[in-house]
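Scroll down for the structure; my scribbles are underneath it.
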Amino acid sequence: MFFPNIDHLPAAARDSLVSFALRLSHSHLDNLIKEHPCIPASPDGSVLRRPFELVDPDSKAACLYAPEDGRFPHGTDFLEPKVLSALHRLGLMSNEIGWSDVLERCESLEAVWEQNHQIGAYRQ
């Protein structure tokens, strides 16, 4: 009942419950988290995503995304090492992204490149 209606809860309560569920590392809860968008991907928590739709902000793939793309987990609970580890286990992207994401990034970065050749250039 909780996960299908998660977007009706106040953000603070929702985030606390989801981060608690991630820490439990229970297979039934993990499946629900993978199935339902429940991880905040915007500063105000209005955008929710599933773990496999998110990117670790400290990974190599992070340079392909801007915060406004809504692809990074938001909130201190979701950036804690134990929770990030659980998100990785559930599909959080880090050093590799899927082909559909590669295509989407190419299309997105093309527009950025036209505006500013320095933005979107790979930096080590």
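Among the residues of segment 68-92, the ones that are more than 20 Å from A21 (Cα to Cα) and touching a residue at least 12 places away in the same chain (Cβ under 8 Å) come to 3 in all.
Looking across segment 79-88 at every residue that is more than 15 Å from D30 (Cα to Cα) and surrounded by 14 or more Cβ atoms within 10 Å (Cβ to Cβ), the one that is farthest from the chain's Cα centre (by Cα) is identified as E80. Only residues that are loosely packed, with under 13 Cβ neighbours inside 10 Å and within 16 Å of the chain's Cα centre (by Cα) were counted across segment 8-30, and they come to 0.
Among the residues of segment 46-59, those identified as at pLDDT 90 or above and either in contact with a helix residue (DSSP H, G or I) (Cβ under 9 Å, 6 or more places away or on another chain) or not β-branched (V, I, T) (or both) are L48, R49, R50, P51, F52, E53, L54, V55, D56, P57, D58, S59. Restricting attention to segment 22-57, the residues that are more than 18 Å from E104 (Cβ to Cβ), touching a residue at least 24 places away in the same chain (Cβ under 8 Å) and not small (G, A, S) add up to 14.
When the residues of segment 31-50 are filtered to those that are assigned to a helix (DSSP H, G or I) and of a type outside the set (S, T, N, Q), the one that is surrounded by the most Cβ atoms within 10 Å (Cβ to Cβ) is I33.
If we keep just the residues of segment 52-78 that are of a type in the set (D, E) and more than 21 Å from L103 (Cβ to Cβ), which is surrounded by the most Cβ atoms within 10 Å (Cβ to Cβ)? Filtering first and then ranking leaves D77. Being without any contact (Cβ under 8 Å) to a residue 12 or more places away in the chain and within 14 Å of the chain's Cα centre (by Cα) is true of A62. Just the residues that are modelled with pLDDT of 90 or more and either closer than 11 Å to E53 by Cβ or not in a helix (DSSP H, G or I) (or both), please, taken from segment 66-86. G70, R71, F72, P73, H74, E80 - these are the residues of segment 66-86 that are modelled with pLDDT of 90 or more and either closer than 11 Å to E53 by Cβ or not in a helix (DSSP H, G or I) (or both).
The values are calculated or read from the model by the stated rules, or taken from the named source; none is laboratory data. Bear in mind that the values here come from a model prediction, so they are computed numbers and not experimental data. So basically every Cβ, Gly included, is an ideal-geometry build from the backbone, and we count neighbours across all protein chains shown.
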